[in-house]
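First comes the structure, then the notes that go with it.
A short reminder: the numbers here are calculations on the coordinates, not readings from a lab. Note that the structure is a prediction, hence the values are computed from the model and not measured. Glycine gets a Cβ as well: all are built from the backbone with ideal geometry, and neighbour counts include every protein chain shown.
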């Protein structure tokens, strides 16, 4: 064990990191993988409250302070995800002697398989992988899937693996609500249900495991830290417990490259609007997350005066509950951040108006949201289990997908992935009537090269000005039936097309040479 | 009522069909729709056995003899699907006076919506819709889905509506077997379970209804007339009952444009191989189906010596259980008929070797089968219901899809639908080892224009001779992750590419102008 006071210069650092020779061989972790340091320590008292632990990871002139956490049964962990290749060195610091001054190094190796790193913001409004690979966000929602019984959790992973979705909105805490949210969780997040000073480590280990499974499937976990649909007290733990919990979540989870932070599902529901200090939470995440995962805060009412102030510096992207797609350009321009339509309503059959959209309209919303320059999110409220069981509906507990939109969403995704989306800009023709979404024309284009326009209704005229002097290949897309029909090439200049059927898009691409 | 003896010349015919003025207004039925004539008649005795009924439908010089059937409770029906526009006239004939000599006409109107007609064979080896629209067959299998309880039947329709599948293999009779086939049917096809002289009309009405729902979803119903997995006697009814039943099925179902006839699931299982006279059944269908739906007969053992003689004139297409994709070209050349890989094994987790393939391999089989010039069929043996219920597995009872292949199959389908498949030819490089499917290279091409090659293994060289003198656009397809990566254009001539990962395809398309 080394005295910390020795460390005070480059010399000291060299000496300090030199101690790795005394420990085990350098471990290897691939870039953007999770490097986990496991440290045995005292289990006495309440380590969650009393023990401080962090590590400083260093490579060249870059240093990251990475929080550690207690994981029960005398085990402490520090998780770090290196973002560049080569050797990293670390040393720990703790108020518990046996955890402090532990040092070592890791060799960060090339990423393998489908590891393209975390996502990052590109061209102000879009998202791509850290290695520059394209990422087109196709979200779904299963709020409390990690709180339900294990067999359903397993089924959810299986379902996601066979789905088009690459992002899922999911709460840490269980949810109490109607429409399939009426059971107690498989375990409670805290000891004795609501001793907020003592985590239930099994609960959080399971949460980590599920996030890791999503990582392996290439699915972003949009982790919702707080929500109002609570009967156990997790929405009213108080500032101190909130801060402790958020810091614990950072320590446990932020090393997983697929994690996003969603401060709230519906921050403005009166019960939590003032009760939770959103600035406090946002600031902690902003200042203390060593991996700087994306941060959003999602509204309840679907109008912009219920948005949290998205110009706040700790907010990385606009996370909205709305289907006012016609405002997308305005919001993008106002906040200069990526726009995620994180709740657009649900396909399904519950009695609530927000949860009984047809599959056709759910799929249609994807085209509207996507061509408005945002990223869409799906939800399904159909019951997916049999009569003799507790009600399982995807939007709440996961399980199985029943609605017919996912196949069409897959088609939409395949199509969008053929476009240079990050170089494209939206424009919206609302045809003078914001109340009727279905006659709005949404166009995403790259001037002189590619124009894609969508309108849900038949008999609506799409008008475009095709720039440049090259011919355009012209394709009509039947988005519901997933058919693309080539038409005759069209000249540049004014283009007009009146839709024949519902759910049509037009796709114009200039011809080379 | 008119005396039939009066009808003997054009004059008589004119006079005869002139009687429509006395009956109700001409009914309208769209082209390839179902025109149903409902006739009340005596319910005494055993109409199934004793009453004969047919109608002659006529348009210009074309006449079709259409069988009618008894549907219980004193109701007789005749179903006809007109294949050309304009007026059709009909007159009935029966040994029951009140059913005979009924005449009328129908006006066949233009098809609407997604009605492209029945499928037909094109260019010897392929299938398209009657109106010339492309159809690429993507099958699945749920043998006894119409025999299980109604809630599962409803769920199956819902699942299919959200799936990529446009053909399903389905038995008329319930099935008794392991792996999710252990329940009694929701109703029995015959009175008292096995009084083969008296249908249970509810059972058959439900079957019609399900076929009609598939029609509306654009899904071909590959109706399996006989199978060996039987404990009720339906596989051993004897020649006379078999003939009666097959004629009844023709009368009830052939007017539905999505019906195909599959004489058997596994005709060569010893229990039914000799017990059923396949020539008798095939000949009845060939001679008496007024709508001439496709006819196939599916084998048990997966080797060609267990194929039924596919050169028989009543067989329209090769319906195989096999995954010997490397024999596809040989079989196509031998029989000069479309080749359907109607059972290639199943993704899932049952103990039987045929039913525990990975989702990756199931998806991979689609590429092999499709690029070998055949049409692939999916199956899923995973359990899809909860613990407290009777075992439900898609391959047997329908319900929900669990495996991860359908999304990849959707991607395969989207891709194949961008190709002029009916103008393309397969070639297969088996790399000297038929035992290892995964290093076979399957290529479907249109000389000088398009080449698509697939091999399941990494590190296998694909060699092509690209004809013509135009550059080719070159794309590598990661078929499992559904990503298409553009590469630099390649020159015509010899092309070589060694696959880097499993499940890769290459796609070369010559550039215009």
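Counting, for every residue in A:159-168, the Cβ atoms of other protein chains within 10 Å of its Cβ and taking the mean gives 3.
Taking 0.36 nm per residue of separation and subtracting the current Cα-Cα distance, fully stretching the chain between residue B:187 and residue B:459 would add 92.6 nm.
Using square roots of five times the C-alpha gyration tensor eigenvalues, list the equivalent-ellipsoid semi-axes of the range A:21-138 in whole Å, biggest first.
Semi-axes from the Cα gyration tensor: 31, 18, 12 Å.
Kindly state, to the nearest 0.05, the FRET efficiency for residue A:195 paired with residue A:333, given R0 = 51 Å and r defined as their beta-carbon distance.
Details: r = 47 Å, r/R0 = 0.93.
For R0 = 51 Å, the calculated efficiency reads 0.60.
The antiparallel fraction among DSSP beta bridges confined to chain A stands at about 70%.
Just to verify a number: FRET efficiency for residue B:209 and residue B:46, C-beta to C-beta distance, R0 = 25 Å, to 0.05? Efficiency, from the Cβ-Cβ distance: 0.55. Label-point spacing at residue A:193 relative to the other copies reads 5.2 nm, in ascending order, each point sitting 7 Å out from Cα along Cα→Cβ.
Return the average number of partner chain Cβ atoms within 10 angstrom of each residue Cβ along peptide A:396-402.
Partner-chain Cβ atoms within 10 Å, mean over residues of A:396-402: 3.
For chain B, the longest principal axis of the Cα atoms and the long axis of helix B:278-288 meet at an angle of about 60 degrees. Could you give the distance between the Cα centres of the range B:222-289 and the range A:96-152, to the whole Å? Taking the Cα centre of each part, the range B:222-289 and the range A:96-152 sit 56 Å apart.
Summarise the partner chain shielding of B:404-415 as one whole number: the mean count of Cβ atoms from other chains within 10 Å of each residue's Cβ. Show your work: numbers first, answer last.
Numbers: counts 7, 1, 5, 9, 2, 0, 8, 5, 0, 3, 7, 1.
Averaged over the peptide's residues, the number is 4.
Computed from Cα positions, the angle between helix A:201-216 and the longest principal axis of chain A comes to roughly 50 degrees. Note on the protein assembly as shown: antiparallel DSSP beta bridges, both residues inside, total approximately 70 percent of the bridges counted.
For chain A, the longest principal axis of the alpha carbon atoms and the long axis of helix A:405-417 meet at an angle near 90°.
Label zone of residue B:512 (point 7 Å out along Cα→Cβ, amide N under 13 Å): in the range A:463-497 this covers A:471-475, A:486-491. Note on residue A:478 and residue A:351: the model spin-label points, each 7 Å out from Cα along the C-beta direction, lie 3.8 nm apart.
For residue B:458, inter-copy separations between label points set 7 Å beyond Cα along the Cβ vector come to 5.1 nm, shortest first. The modelled label-to-label distance between residue A:292 and residue B:95, using points 7 Å beyond Cα along the C-beta direction, is 8.9 nm.
Roughly speaking, what is the stretch gain from residue B:438 to residue B:305, that is 0.36 nm per residue apart minus the C-alpha to C-alpha distance, in nm to one decimal? Mind dumping the intermediate values first?
Values: separation 133, 0.36 × 133 = 47.88 nm, distance 2.36 nm.
My answer for the length gained is 45.5 nm.
Segment residue A:150..residue A:131, full-extension length gain: 3.4 nm, with 0.36 nm per residue of separation and the alpha-carbon distance subtracted. Inter-copy label distances for residue A:233: 6.9 nm (label point placed 7 Å from Cα along Cα→Cβ; shortest first). Here's the picture: a label point sits 7 Å out from the Cα of residue A:279 along the beta-carbon direction, and within the range A:296-314 the residues with their amide nitrogen under 15 Å of it are A:308-314.
If you take the square roots of the eigenvalues of the alpha-carbon gyration tensor of the range A:457-513 and sort them as a ≥ b ≥ c, do you get rounded (a/c under 1.5), prolate (a/b over b/c) or oblate? Before the final figure, lay out each step's value.
Details: a/c = 3.11, a/b = 1.58, b/c = 1.96.
Oblate.
Each residue, residue A:114 and residue A:271, gets one label point 7 Å from its Cα in the Cβ direction; the gap between the two is 3.6 nm.
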